[in-house]
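Input: a single structure, listed below in structure tokens.
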Amino acid sequence: MVRMVLRQCMVPVWLGMPLGLALSAVTASALVGMVPIESRLTAGVYWFVVPVVIAVTSLAAAIPARHAARINPTVALRCE
């Protein structure tokens with residue numbers, strides 16, 4: 001049960017992360033032409049943001065997964 005809930009929460013993150021990184025890289029390269037930004041700074045931001053997003057999403061998914069694991073399936077089905 002926990003694995004199922006975690007998978008449902010994390011699949012959009014793992015699929016959306018490359019798309020978000022690609023779009024942010026395109027946007028950052030466009031902004032470098034307008035605003036003088038060091039490329040090392042943007043790379044450092046990527047290395048910081050990706051693990052933070054994954055950690056926050058994992059924590060946000062773990063709380064409902066833990067709650068779902070505690071509920072008896074027959075009681076949950078009876079309520080519906």
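Every number here is computed from the coordinates shown, using simple stated rules; none is lab data. Just so you know, these numbers come straight off a predicted model, no measurement behind them. All Cβ positions, even for glycine, are placed from backbone atoms using ideal geometry, and neighbour counts span all protein chains on display.
Would you work out the charge dipole size for the chain about its Cα centre, treating the Cβ of every Lys and Arg as +1 and the Cβ of every Asp and Glu as -1, and quote it to the nearest 20 debye?
380
GNM, the chain, Cα, under 10 Å: largest mean-square fluctuation among 19, 31, 59?
31
Under a plain spin-label model, where a point goes 7 Å from the Cα along Cα-to-Cβ, how far apart in nm are residue 68 and residue 32?
4.1
Which one, 32, 44, 59, projects farthest toward the positive side of the charge dipole computed for the chain from Cβ point charges (K/R +1, D/E -1)?
My answer, from the dipole projection, is 59.
Which one of 49, 26, 13 has the biggest mean-square fluctuation once the chain is modelled by GNM with Cα springs under 10 Å?
Among 49, 26, 13, the largest mean-square fluctuation in the Gaussian network model of the chain belongs to 26.
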